[in-house]
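In what follows, a single structure is set out as structure tokens and then discussed.
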Amino acid sequence: MIDETALAEAVRAEFGLRVHGLTPGGRGALGQIWRAQVEGGPDVAVKLLTEKPSESLVANEVAHTQRMAGYGVVVAASMADRSGRYLTPVAEGWVRVSEWIDGTAPDPADPLTPQALGEMLGRMHAHAGPAPGQPSGWYTQPPPMAKLVKLAATAEQGDARWAGRLNALVPTWQSLSQIRKAPGALVWCHRDLHPGNVLRTVAGRFAVLDWECLGPADPAQELASVLLHWFADHTGVLGPQIDAFLAAYRSAGGTGMLTAIDDFAMHLATRLNFLAHELETVIDPRAALGDVQRAVAEIEETVEFLPTVEVLKQAVPKT
């Protein structure tokens, strides 16, 4: 159980902010977020990470988001503590503090969404600098199919809610795991731009949150991944939204070109690896109840939105 009083005191001491209230703002795979009221200033977001990220990764993230803000992308500005650090150790993990952005969850079916999303991603790619290194296997190699099948079978034995549904999806997973493509020119990309990491601000613009997955990627493969996250599920695609999204992306200077189903390789690798990770959590007897419940919800969502090969073919632009 997290001691919110102690966390608020740590923020006051380390960041010099007169915090006097923490309101839970959500929990993800990497940590928990609170909205904190600050006397004499705007609210801030306090994020507690249970595992320490690479300090170089944090430094790259701060530099990249500052660059994006300079080109008009709405981001939550990171705040340094009294020692100039953007990652501060506390008793229960590591804390990051950033600007709090008010907004609402965007609806992919909203007619205004494709334009705003395409303009935002196009601007991000137009001004992304070259990224050194190579993406990890999480982004390029699906998990071994034998491992995924075994995890699904074990999960089904321990939870009747799936009642064979996971096993029935194995042929789809097998076909998707065969779609691979080495990334082309690598630039700094968000790499996790699903609807949960975007807000529509009061002014109507899209703001990008949660940059912890920032790293090297092929813009075409990130473009393909965003398209699937927002405008497709296992039943089909939202064709008019896709057309409007791609048009806005190109108009904003986006550099990625989606031409064939193998451009979806990064998305499929990450989704299948994520599925394996969440299945491991569900069957882990040491996992906390809250972590298991979150993993079950993530598996259900993944099953709903993971496309078939036919859906991928529908999603590739015809021109």
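Tell me which DSSP H helices of the chain clear both cut-offs, 15 Å or more of axial length from alpha-carbon atoms and a mean Kyte-Doolittle hydropathy of at least 1.0. Display every interim value, and only then the final one.
Details: long enough: 4-15 (16 Å, 0.19); 55-70 (23 Å, -0.26); 113-126 (19 Å, -0.20); 145-158 (20 Å, 0.36); 219-231 (17 Å, 0.65); 239-251 (18 Å, 0.07); 265-283 (27 Å, 0.59); 289-305 (24 Å, 0.04).
Result, helices passing both filters: zero.
Considering only the other residues whose Cβ falls under 13 Å of the Cβ of residue 302, what net charge follows from Lys and Arg at +1 and Asp and Glu at -1?
Result for the local shell: -3.
With runs of 4+ DSSP H residues as the only contributors, calculate the mean residue ellipticity of the chain at 222 nm using -39,500 (n - 2.57) per run, divided by the residue total and rounded to the nearest 500.
The per-residue figure over the chain is -13500 deg cm²/dmol.
Enter the per residue convex hull volume of the range 27-179, computed from alpha-carbon coordinates, in Å³ rounded to the nearest integer.
217 Å³
Taking only Cα atoms and a 10 Å spring cutoff, compute GNM fluctuations for the chain and point out the largest among 78, 225, 251.
Taking springs between Cα atoms under 10 Å, the residue moving most is 251.
So, counting K/R as plus one and D/E as minus one, what does the shell of residues with Cβ under 10 Å around residue 3 add up to?
Around residue 3, the charge tally is -3.
Summing +1 for each Lys or Arg and -1 for each Asp or Glu, what net charge is found among the other residues whose Cβ lies under 13 Å from the Cβ of residue 263?
0
Search the structure for amide H atoms under 5 Å from the amide H of residue 26, placed 1.01 Å from N in the peptide plane, and list their residues when 5 or more places away or on another chain.
Result for residue 26 returns 33.
Using the eigenvalues of the Cα gyration tensor, what equivalent ellipsoid semi-axes result for the chain when each is taken as the square root of five times the eigenvalue, whole Å, largest first?
Working: eigenvalues 205, 136, 62 Å².
Equivalent-ellipsoid dimensions as semi-axes: 32, 26, 18 Å.
State the Cα centre-to-centre distance between the range 101-141 and the range 15-34 in whole Å.
Rounded to whole Å, the Cα centres lie 24 Å apart.
By per-residue mean of other Cβ atoms within 10 Å, what is the highest-first order of 307-313, 113-119?
Values: 307-313: 17.6, 113-119: 22.6.
Per-residue Cβ counts within 10 Å, averaged per peptide and sorted highest first, yield 113-119, 307-313.
Return a whole-number percent for the relative contact order of the chain, with Cα pairs under 8 Å and 6 or more residues apart as the contact set.
19 percent
Most fluctuating residue of 287, 252, 269 in a GNM of the chain with Cα springs under 10 Å: which is it?
With Cα springs under 10 Å in the chain, the top fluctuation among 287, 252, 269 is at 287.
Residue 150: which lysines have alpha carbons under 27 Å from its alpha carbon, excluding same-chain residues fewer than 8 sequence positions away?
The qualifying lysines are 181.
List the residues whose amide H sits under 5 Å from the amide H of residue 217, counting only those 5 or more places along or on another chain, with H placed 1.01 Å from N in the peptide plane.
Placed amide hydrogens put 187, 189 under 5 Å from residue 217.
Quick note: the coordinates plus some simple rules give every number you see, no bench work behind them. It should be emphasised that the depicted structure is a prediction, and the values quoted were computed from it without experimental measurement. Every residue, glycine as well, gets a Cβ built from its backbone with ideal geometry; the counts of neighbours run over all protein chains shown.
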